[in-house]
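**Student:** This structure is in structure tokens; I'll ask about it shortly.
Values quoted throughout were computed directly from the atomic coordinates according to the rules given, and no laboratory measurement underlies them. The structure displayed is predicted, hence computed values, not measured ones. FYI the Cβ positions are ideal-geometry reconstructions off the backbone, even for glycines, and counts take in every protein chain you see.
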Amino acid sequence: MALKPTAKQEAFAVAYVETGSAVEAYKSAYSTTSNSAHAIKATAHKTLRNERIQARIAERLGVSRPAVSE
């Protein structure tokens, strides 16, 4: 059984499905006030590769594996 995503991971996955943007999803799910734009982009794409988040995105999209673009 796959591990459940945390609340923030869930929020990221939901926002990613809605917007299609890892950066926008990261900004909506996590605090980014003290981060540079470069750091936010890098962390957003790292977050997108997380197995729990990929599984949740796939589940929300109704596919067997996520269609994640970088």
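**Student:** Using alpha carbons only, what's the Rg to Rh ratio of the chain with Rh from Kirkwood?
**Tutor:** 0.96
**Student:** Sort 3-9, 32-38, 58-64 by packing, meaning the average of other beta carbons within 10 Å per residue, with the highest value first.
**Tutor:** The densest-packed peptide leads the list: 3-9, 58-64, 32-38.
**Student:** Count neighbours as other Cβ atoms within 10 Å of each site's Cβ, and list the chymotrypsin sites (Phe, Trp or Tyr not before Pro) in the range 1-32 that are DSSP loop with at most 13 such neighbours.
**Tutor:** none
**Student:** For LYS8 paired with ASN35, estimate the spin-label separation in nm (one decimal), with each label point 7 Å from Cα along the Cα-to-Cβ line.
**Tutor:** Here the modelled spin labels are 0.8 nm apart.
**Student:** Determine ³J(HN,Hα), in whole Hz, for all residues of the range 15-23 in sequence, where each value follows from phi through the Karplus function 6.51 cos²θ - 1.76 cosθ + 1.60 and θ = phi - 60°; x replaces Gly and Pro.
**Tutor:** 5, 5, 5, 6, 9, x, 10, 5, 5
**Student:** If you don't mind, there's one more thing I want to ask. Apply the Karplus curve 6.51 cos²θ - 1.76 cosθ + 1.60, θ = phi - 60°, to the phi angles in the range 28-37 and return the couplings in whole Hz, x for Gly and Pro.
**Tutor:** 7, 9, 10, 6, 10, 4, 9, 9, 6, 4
**Student:** Sticking with this structure for a sec: Which value in deg cm²/dmol, rounded to the nearest 500, describes the helix-derived mean residue ellipticity at 222 nm for the chain, given -39,500 (n - 2.57) per DSSP H run of n ≥ 4 and division by the residue count?
**Tutor:** -19000 deg cm²/dmol
**Student:** Turning to a different aspect of this structure: HN-Hα J couplings of the range 44-61 from phi, Karplus 6.51/-1.76/1.60, θ = phi - 60°, integer Hz, Gly and Pro as x?
**Tutor:** Running phi through 6.51 cos²θ - 1.76 cosθ + 1.60 with θ = phi - 60° gives 4, 6, 5, 4, 4, 7, 4, 4, 4, 5, 4, 5, 5, 4, 4, 4, 5, 7 Hz.
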